[in-house]
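Below is one structure; the comments refer to it alone.
The values are calculated or read from the model by the stated rules, or taken from the named source; none is laboratory data. Fair warning: this is a prediction, and the values are worked out from it, not measured in the lab. Note: ideal-geometry Cβ built from the backbone for every residue, glycine included; neighbour counts use all protein chains shown. Just so you know, the surface numbers come from the protein's heavy atoms only, side chains and all, with ligands and any DNA or RNA stripped out. Shrake-Rupley method; radii C 1.70, N 1.55, O 1.52, S 1.80 Å.
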Amino acid sequence: MACLLEAPLRVSVLSEVTATSRHYVDRLFDPDPQKVLQGVMLLYLLQQSSSTLELRTECAVVLGSLAMGTENNIKSLVDCHIIPALLQGLLCPDLIFIEACLRCLRTVFISPVTPVQLLYTDPTVIPHLMSLLSRSHRTQEYTTQIFSHCCKTPEHQTVLFNHGAIQNIAPLLISPSYKVRMQALRCFSVLAYENTQVSMTLVNVLVDGELLSQVFIRMMQRDQPIEMQLTAAKCLTYMCRAGAIRTDDSCVVLKTLPCLVRMCSKEHLLEERVEGAETLAFLMEPDVELQRIASTTDHLVAMLADYFKYPSSVSAIADIKRLDHDLKHAHELRQAAFKLYASLGSNDEDIRKKITETENMMDRIVSGLSESSIKVRLAAVRCLHSLSRSVQQLRTSFHDHAVWKPLMKLLQNAPDEVLVMASSTLCNLLLEFSPSKEPILESGVIELLCSLTQSESPALRVNGIWALMNMAFQADQKVKVEIVQCLGTEQLFRLLSDPDANVLMKTLGLLRNLLSTRPHIDQIMSSHGKQIMQAVTLILEAEHSVEVKEQTLCILANIADGNTAKELIMTNDDMLQKIKYYMGHSNVKLQLAATFCISNLIWNEEDGSQERQDKLRELGFVDMLHKLSQACDANLSDRAKTAMQQYLA
C-alpha cells in the first residue's frame with residue numbers, strides 16, 4: 001500500500017494490525033449493509049482511547065491506504081464519518097499519530113467526492129490545524145495541502161485569512177523541505193485568487209526580511225521545478241488582478257508574463273501548457289499593454305497554433321501511458337488556446353489581425369463551436385466574440401468563413417453561459433457594417449432573439465434586446481414591423497420596466513431605432529402610440545439615471561419628428577409640461593434632448609407649424625428658449641437659437 005512506505009512504524013505492529021484488520025477492511029466495501037457495519041470497526045478502533053497508540057496509528061495508516069482506492073472507497077469512508085473521527089484524533093498529543101491522521105485526512109480531502117464543507121463545520125478545527133503547522137515538516141505539508149484543496153469559495157478564503165493563514169504559512173515558503181515550500185505556495189495561490197483583502201495583505205508580508213513578492217520571483221526562476229515556477233506565477237497573477245500589484249510593475253512585465261509565455265512552449269507537459277495559457281489569459285485580460293507585450297513575446301500567437309496539433313502522429317511521446325492521457329486531454333489544450341487568443345485580441349486591432357492570419361485560425365474556431373466538450377465550445381465562442389469587436393474582421397474573415405451559421409446553430413440549444421457569449425457575438429454580427437447582417441436576418445433570427453428577452457438571466461435579456469436594437473438600426477419597414485409583432489407590445493413594455501438598468505437602456509435604444517424615419521414613426525405610433533406615450537411618461541416621472549431619461553427624451557424627439565405622430569405630444573399638455581421641466585433641468589444633456597423635442601415640434605416647413613408655435617408660445621416655451629440661448633454650454637445655446645429662428649422665419 002503506497003502510503004505505508006512513508007510511515008515510520010514498526011513492521012511487526014503493522015503485520016499484526018493488518019492481519020487483524022483485514023477482515024474489517026474487506027467488510028467496509030461489501031454490498032451487504034450488515035457487513036459494512038462490521039467494517040466500521042476499523043474506525044471504532046481508531047477512536048478508542050483504550051486501544052494502544054500503535055494500534056490507533058495503524059488504523060489511521062490503513063484507512064489512509066483505503067482512501068487512495070476508488071471514489072466509492074472514499075464515499076463509504078465519508079459516510080462512516082471518517083472525517084470527524086480523524087479530526088478528533090488530531091487532539092492527541094502524539095506526533096506520529098497526528099501525522100497519520102493528517103495524512104489520511106489529506107488523502108480523503110483531495111478526492112473530488114469529499115464535501116470540503118466538512119472541514120468548516122466545527123469552528124475549532126481551522127485554528128487547531130493552524131497550531132499543528134509548527135509541529136513537523138509532515139504536519140506542515142499535509143495541513144497546507146488540506147487548506148489548498150478545501151479553499152473553494154470567498155467564504156473559505158475569509159475563514160482561513162481570519163485564522164492567521166498568511167502569517168502562519170508564509171515562513172513555510174523558505175522551509176528546507178521542497179514539499180512544504182510547494183504546498184505553502186499552492187495555498188497562497190488559492191487564497192489570493194480574486195481576493196483583494198488577501199492580495200493586499202500579501203504585498204506587505206516579509207519572509208525572513210524579504211518581501212513575499214521577491215520570494216515568488218525567486219521561485220519563478222528557470223532553475224526551479226516547473227510546478228513551482230507556474231504556481232509562483234499564479235500567485236503574482238492573482239495579486240496583480242486583485243489590484244495589489246500594478247500591471248506595469250517589473251515583477252509582472254519582466255518576470256510573471258515571460259514565465260507564463262515560457263510555459264506555453266511545446267517542450268512542456270500538456271497540463272503545464274494548459275495552466276500556463278489559462279493563467280496568462282487571466283493576467284492580461286483587462287490590460288491592453290500586457291496584451292501587446294505578450295503578443296510580441298516568444299512568437300506567442302504562432303506558438304499557440306501548436307495547441308491544435310497535439311498530440312501529432314509523429315509525437316515524441318515515448319511513454320504510452322502519457323500518450324493515452326494526452327489524447328484524452330487534448331481538448332483542454334484547444335480550450336486554453338481559445339481562451340488565450342480571446343484575451344490577447346480583446347482590445348488591439350493589430351493583434352486581432354495577427355490571430356486571424358494564423359494558419360487555419362477561423363476554421364479552427366468554427367470547428368471549436370461544434371466540439372463535444374462544452375468548455376471548448378465556450379472558449380471558442382469567447383474567442384470569436386473577442387475578434388468580432390473588429391470592424392475589419394467582421395467585414396473580411398467573419399464573412400469569408402460564414403461564422404454566423406455555426407453561431408446560430410450554437411444558439412439553438414446551449415447552456416446559459418454559452419448562450420450569453422454567443423448572443424453577445426451575434427450583437428456584433430448584426431451591426432450595420434457587418435456583411436453577415438443580411439443572411440442572419442433571412443435565417444429567422446428575430447424569433448430567437450425575442451425569446452432571449454424573456455430569459456430569467458439579465459445578461460441574456462440584455463443581449464436579446466441589444467441584438468434587436470442593432471437589427472432595427474436603419475432597417476427597412478418590413479424588418480421593424482416584424483420585430484414589433486414578434487416581440488409584442490406587452491413584452492416591449494415589460495422590458496421598459498425591467499429592474500436591470502442595462503435591459504431598460506437597450507430597450508429604449510431599440511424603441512429609438514424603431515422610431516426613425518418619418519413613415520416608420522407615423523406607422524408605429526398610429527398602432528402603438530398610446531402605449532408608447534404611457535411608457536415615456538412613466539420613465540420621465542420615475543427615479544431613473546440621467547442616461548435613461550436622456551434616451552427617453554430622444555425617443556420623444558423622434559416622435560416629434562413624425563408627420564402625424566407629433567400630434568400625440570401636442571395634444572398631451574402633461575407631456576408638454578414635462579418637456580418644459582427638462583428644458584430647465586440642471587443637467588445639460590437633458591436640457592439638450594428636451595430642446596430638440598421642441599425644435600422638431602415647431603419646425604417651419606411642416607404642416608400646422610404655425611398653430612404649434614402659437615400654442616407653445618402661450619405655454620411659455622419661447623421665454624424658455626430665449627433663456628437657454630444665453631446658456632454657458634455652446635451646444636445648448638446654439639440649439640435654442642436654432643429653435644428661436646423658427647419663430648422669426
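Starting from the Cα gyration tensor of the stretch 563-611, multiply each eigenvalue by 5, take the square root, and state the resulting semi-axes largest first in whole Å.
Values: eigenvalues 86, 31, 11 Å².
Three semi-axes, in Å: 21, 12, 7.
Between E611 and V479, what FRET efficiency follows from the Cβ-Cβ distance if R0 is 35 Å, with the result rounded to 0.05?
Numbers: r = 35 Å, r/R0 = 1.00.
Efficiency at R0 = 35 Å is approximately 0.50.
Of the accessible area of the stretch 79-146, computed with a 1.4 Å probe over protein heavy atoms only, carbon and sulfur atoms account for 60 percent. Percent of C-alpha pairs per 5 Å bin in the stretch 225-294, short distances first: 3, 19, 33, 25, 13, 5, 1.
May I have the convex hull volume per residue, in Å³, for the Cα set of the stretch 75-132? Walk me through the numbers before you get to the answer.
On the way: hull volume 4.4 nm³, N = 58.
So the per-residue hull volume is 75 Å³.
Computed over the stretch 549-649, the convex hull of the alpha-carbon atoms projects to a mean area of 5.6 nm². Taking the Cα atoms of the stretch 72-201, the ratio Rg/Rh between the radius of gyration and the Kirkwood radius comes to 0.94.
Based on the Kirkwood radius over alpha-carbon pairs, what value in µm²/s does the Stokes-Einstein equation return for the translational diffusion coefficient of the stretch 366-477 at 25 °C and 0.890 mPa s? Before the final figure, lay out each step's value.
Details: Rh = 13.8 Å.
For these conditions, the coefficient is 178 µm²/s.
Looking at the square roots a ≥ b ≥ c of the eigenvalues of the Cα gyration tensor of the stretch 420-460, which shape do they give, rounded for a/c under 1.5, prolate if a/b is larger than b/c, or oblate? Since a/c reaches 1.5 but b/c is at least a/b, the shape of the stretch 420-460 is classed as oblate.
Ligands, DNA and RNA excluded, the heavy atoms of K179 present near 110 Å² of accessible surface to a 1.4 Å solvent probe.
Tell me the per residue accessible area of the stretch 516-649 using a 1.4 Å probe; a whole number in Å² is fine. Write down the numbers at each step before the final one.
On the way: 6490 Å² over 134 residues.
Per residue, the stretch 516-649 has 48 Å² of solvent-accessible surface.
Diffusion coefficient of the chain by Stokes-Einstein, Kirkwood radius over Cα pairs, 10 °C, 1.306 mPa s: 53 µm²/s. Averaging the sequence gap over all C-alpha pairs within less than 8 Å and six or more residues apart, then dividing by the number of residues, gives the chain a relative contact order of 5 percent. Across all directions, the shadow cast by the convex hull of the stretch 173-242 built on its C-alpha atoms averages 4.2 square nanometres. On full extension, the segment bounded by L91 and H401 gains 105.1 nm, given 0.36 nm per residue less the C-alpha separation.
Loop only per DSSP, at most 14 neighbouring Cβ atoms within 10 Å: give me the GluC sites (Glu not before Pro) in the stretch 323-365, ordered by residue number. Each step should come with its number before you reach the end.
Working: sites: E332, E349, E357, E359; in loops: E357, E359.
Loop-located and lightly packed - E357, E359.
Rounded to the nearest 10 degrees, the inclination of helix 320-344 to the longest alpha-carbon principal axis of the chain is 30 degrees. Kirkwood radius and radius of gyration were both taken over the C-alpha atoms of the stretch 114-262, and their ratio Rg/Rh is 0.96. Across the stretch 170-183, computed HN-Hα scalar couplings (Karplus, 6.51 cos²θ - 1.76 cosθ + 1.60, θ = phi - 60°) run 3, x, 6, 5, 10, 5, x, 8, 4, 4, 5, 4, 5, 5 Hz from first to last residue, x flagging Gly and Pro. Note on Q534 and D350: the extension gain reaches 61.5 nm, defined as 0.36 nm multiplied by sequence separation minus the Cα-Cα distance.
For the stretch 454-563, the gyration tensor built on C-alpha atoms gives an oblate shape. Its axis ratio a/c (a ≥ b ≥ c) is at least 1.5, and a/b is not larger than b/c. Shape class for the stretch 264-411: oblate, because the ratio a/c of the largest to smallest gyration tensor axis (alpha-carbon atoms, square roots of eigenvalues) is 1.5 or more and b/c is at least a/b. Tell me the angle of helix 518-541 to the major Cα principal axis of the chain, expressed in degrees between 0 and 90 and rounded to the nearest ten. It works out to around 60 degrees.
Using the per-residue mean of other Cβ atoms lying within 10 Å as a proxy for protection, in what order, highest first, do the peptides 51-62, 122-133 fall?
Numbers: 51-62: 21.4, 122-133: 15.8.
The most tightly packed comes first, giving 51-62, 122-133.
Taking the C-alpha atoms only, the angle from helix 11-28 to the longest principal axis of the chain is near 50 degrees. Panel values: the stretch 108-157, Kirkwood radius from alpha carbon pairs, Stokes-Einstein at 20 °C and 1.002 mPa s, translational diffusion coefficient 188 µm²/s.
Among the GluC sites (Glu not before Pro) found in the stretch 410-490, those both in a DSSP coil and sparsely packed, with 15 or fewer other Cβ atoms within 10 Å of their Cβ, are E432, E456. Distance from the C-alpha centroid of the stretch 570-649 to that of the stretch 322-382: 55 Å, rounded to the whole angstrom.
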